[in-house]
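Everything on this sheet refers to the single structure shown next.
The values are calculated or read from the model by the stated rules, or taken from the named source; none is laboratory data. Since the structure is predicted, the reported quantities are computational estimates derived from the model, not experimental observations. Counting neighbours? That spans all protein chains shown, and the Cβs are built from the backbone with ideal geometry, glycine included. These area figures cover heavy atoms from the full protein model, side chains too; ligands, DNA and RNA do not enter into them. Shrake-Rupley method; radii C 1.70, N 1.55, O 1.52, S 1.80 Å.
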Amino acid sequence: MDTRQYHILDIINSRLKNLTIGQKLAISYFFVGTFTVGILFLVYYHSARTALLNRTFEQLSSVMNLKKSGIELYFEARKREMKLFCSLYSSRFAFSELNSAFVKYGTSHPNYLYADTLFGKTLDEYKLYNHFINVWLINLQGDVIFTANNTKYRGKNIFEKGVFSVEFSTLVHNLSSQPYLAEVSGIDTMIKKPFLLLFSPINDDFGQIMGYIMVKIDMKDIYFILSQRTGMGATGESYIVNKNYLMRSPSRFRDITDTSYIYVKTKGATSALQNITGKNIINDYRDILVLSAYTLINIDSLRWAILSEIDFEEAMIPIYEFRNRMIALSLAVLCIILMITFYLAKQISKPIKMLNNTVKLMSTGALPEEKLDVKNNDEIGQMIAAINLWVDGIKKTLVFAQEIGKNNLNVHFTPLSNDDILGHNLLDMRQKLVQLSDMVADQNKIKTLALIEGQENERKRISRDMHDGIGQMLTALKFKVQEIDQQNDVTSDIKNMLDDIIKEIRRITINLMPSVLWDFGLDAALHQLIKTVPVPVHYEYTTIPGAPELTMEERTALFRIAQEGLNNIAKYALATKVQLHIIHEQEYISMQISDNGIGFDMEDNIKHTGGLVNIRERAKLVNGELVIKSVAGKGTTIYTHIAFE
């Protein structure tokens, strides 16, 4: 940037500094309005242009598909009619007689001419009825035994070198059992003009091929289908291009009788012959920009591209008219914007002064007691609203700080923004307090686990002492009593009392800590436990292969939960049926205890039932979850779920 440009910028800046706020706003609004109108104009123009092009493309595609379907139906109808004709007895008889006369006498003998008189009329009628140009009959040896036109080919052999083209003879030689449509570049070696031919075998009464029939299709029927101009405008046309990129239908724009000399290797024709259906803006064979829709007609060996096109300039006429109307409307809108701009500039000055006074007050550290009045939703109004939000945010931050001071760490708080330093610092402080609280909770959990472990160890010791000490002594005493006279009633009573005492000691030992839980696992311990319950228990333990072994803490927790649940059922539920189901998967283990007892009111009883509270705590200590559901008169269900880490 040179010195002169710097000087111009300095002049502009100095003049802008001397402008009032109203003048600056008027200038800025005007430029913003001009820019906005320009953008809207471009957006609407582009949208309208796109919509029009899409609609035109859809219309061209519909026309193209309609004409494609018409051509395909036309060819299918010709193939069906030929197949029917070849199946008629009269057709087979005519071919047989003509071939017999040809083989015996040749095409010049009166007997052949007589056969031609008898049967040629039928073939001519078949040709005229179906709008064919010519009908050929060819025997298995390749001899042309009949032609409706161009009798110079009669008697010629299609495999004769130098007379017929190789392409033509190959098509006849490879003909299968069905009618076949093909386009050849020339029948004989002297005529290179493309021909549209339909071939079919003629079978005898035993289904064996006795010869071939070939017809040359008149393209005028195809031209008629393509000439329908509904929805094509003044410059629209539909035409066909063959696999050699030669036009096979008349052109509206070129006065050429033989369309095979029009070479059409456009983007649309190339894509269609590659079996790509599409639509695009391209240059046509006249090198004129057009909207083109194209696809492939693929029947037997026939590969034709069908294109429907309309000149780009004609398609864009409504858009050009829309553009001119939009320009006039934009100018009118800019004039209105200019008048409104000066009015708005005056209206903005007043709230700016009010905003200025409020900002000065806040710079002293004070907060306004009342919110500023937002009358407009313009930039100034948004600034006032932002200040109101900021003041509200500061007040909420103060409330949040007070709640943290009261150790209320669950209070919700959202910082004003990512740059709210005070808010984020308060959140960090709360996070540290939460972490400290979690540490305390973890320590409490460790203490609880240690306490429970001590209890379980003490129970295990007492259970072992009772089983190994008192239990063994009572058992020995029982054996000694058995040695006393069996007829003594006192001896019998003592034996019964000893049995009851031993059973009670075993029950107490199991309740304290069954040794089978340590030695053989949860399943064996539960089997032993349910034997002590005076209610029938339906017990199932389902485990899948590969399920991890339970830790001792998990075994003990599940056993104590089952023990507490079954004891409560026996004491209070008045149940007649109890179900205890355990599912041991790779990721978790779940236990469900349910009964058909009297149930209880959850809200009234669970707060005052120490056993239920204890088993809930036991589940938490092994990262489990315990859910109790009970309805008065409908039984109780205790569900425990422990997920493995």
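Conditions (1) in contact (Cβ under 8 Å) with a residue 24 or more places away in the chain; (2) open to solvent by 40 Å² or more (accessible area, probe 1.4 Å), marked per residue:
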site	(1), (2)
Ile262	no, no
Lys265	no, yes
Ile282	no, no
Leu289	yes, yes
Ile299	yes, no
Leu302	yes, no
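The set of residues in the stretch 218-245 that are open to solvent by 30 Å² or more (accessible area, probe 1.4 Å) and either in contact with a His (Cβ under 7 Å, 6 or more places away or on another chain) or closer than 17 Å to Arg78 by Cβ (or both) comprises Asp218, Lys220, Asp221, Tyr223, Phe224, Ile225.
Looking at the stretch 285-302 only, could you name the residues that are in a strand (DSSP E or B) and at pLDDT 90 or above? Step through it out loud before you land on a result.
Filtering the stretch 285-302 for residues in a strand (DSSP E or B) gives 289-299, 302.
Selection gives Leu289, Val290, Leu291, Ser292, Ala293, Tyr294, Thr295, Leu296, Ile297.
Going by the conditions given, is Thr50 exposed (fewer than 13 other Cβ atoms within 10 Å of the Cβ), under 33 Å from the mean Cα position of the chain (by Cα) and closer than 30 Å to Thr295 by Cβ? Considered against the rule, which asks whether it is exposed (fewer than 13 other Cβ atoms within 10 Å of the Cβ), under 33 Å from the mean Cα position of the chain (by Cα) and closer than 30 Å to Thr295 by Cβ, Thr50 comes out as yes. Of the residues screened, Ile209 is one that is modelled with pLDDT of 85 or more, open to solvent by 50 Å² or more (accessible area, probe 1.4 Å) and of a type in the set (A, V, I, L, M).
Does at least one position in the stretch 202-217 carry a residue that is of a type in the set (Gly, Ala, Ser) and part of a loop (DSSP other than H, G, I, E, B)?
Keep residues of the stretch 202-217 that are of a type in the set (Gly, Ala, Ser), which gives 207, 211.
Retained after the next criterion (residues that are part of a loop (DSSP other than H, G, I, E, B)): 207.
Yes: the stretch 202-217 contains one or more residues that are of a type in the set (Gly, Ala, Ser) and part of a loop (DSSP other than H, G, I, E, B).
Residue pairs whose Cβ atoms lie under 9 Å apart, sitting 6 or more positions apart in sequence or on different chains, and linking a residue in the stretch 145-166 that is under 13 Å from Phe102 (Cα atoms) to a partner that is of a type in the set (Lys, Arg) and not in a helix (DSSP H, G or I), are Ile145/Arg154; Phe146/Arg154; Thr147/Arg154.
Only residues that are of a type in the set (A, V, I, L, M, F, W, C), more than 12 Å from Ser301 (Cα to Cα) and touching a residue at least 40 places away in the same chain (Cβ under 8 Å) were counted in the stretch 167-185, giving 1.
Once the stretch 134-184 is narrowed to residues that are of a type in the set (A, V, I, L, M), under 14 Å from Ile213 (Cβ atoms) and part of a loop (DSSP other than H, G, I, E, B), the residue that is modelled with the lowest pLDDT is Leu175.
Of all residues in the stretch 66-91, those satisfying the criterion of being of a type in the set (A, V, I, L, M, F, W, C) and more than 16 Å from Met214 (Cβ to Cβ) are Leu66, Ile71, Leu73, Ala77, Leu84, Leu88.
Of everything in the stretch 128-160 that's of a type in the set (D, E, K, R) and buried (at least 19 other Cβ atoms within 10 Å of the Cβ), which residue is farthest from Tyr89 (Cα to Cα)? Before the answer, list the steps.
The initial filter retains those residues of the stretch 128-160 that are of a type in the set (D, E, K, R), namely 143, 152, 154, 156, 160.
Filter once more, keeping what is buried (at least 19 other Cβ atoms within 10 Å of the Cβ): 143, 154.
Values: Asp143: 22, Arg154: 24 Å.
In this case the residue turns out to be Arg154.
Pairing residues of the stretch 78-92 that are among the hydrophobic types (A, V, I, L, M, F, W, C) with residues that are open to solvent by 30 Å² or more (accessible area, probe 1.4 Å) and at pLDDT below 90, at Cβ distances under 9 Å and at least 6 apart in sequence or on separate chains, gives Cys86/Arg92; Cys86/Asn203. On inspection, Phe168 passes the criterion of being under 22 Å from Arg78 (Cβ atoms) and buried (at least 16 other Cβ atoms within 10 Å of the Cβ).
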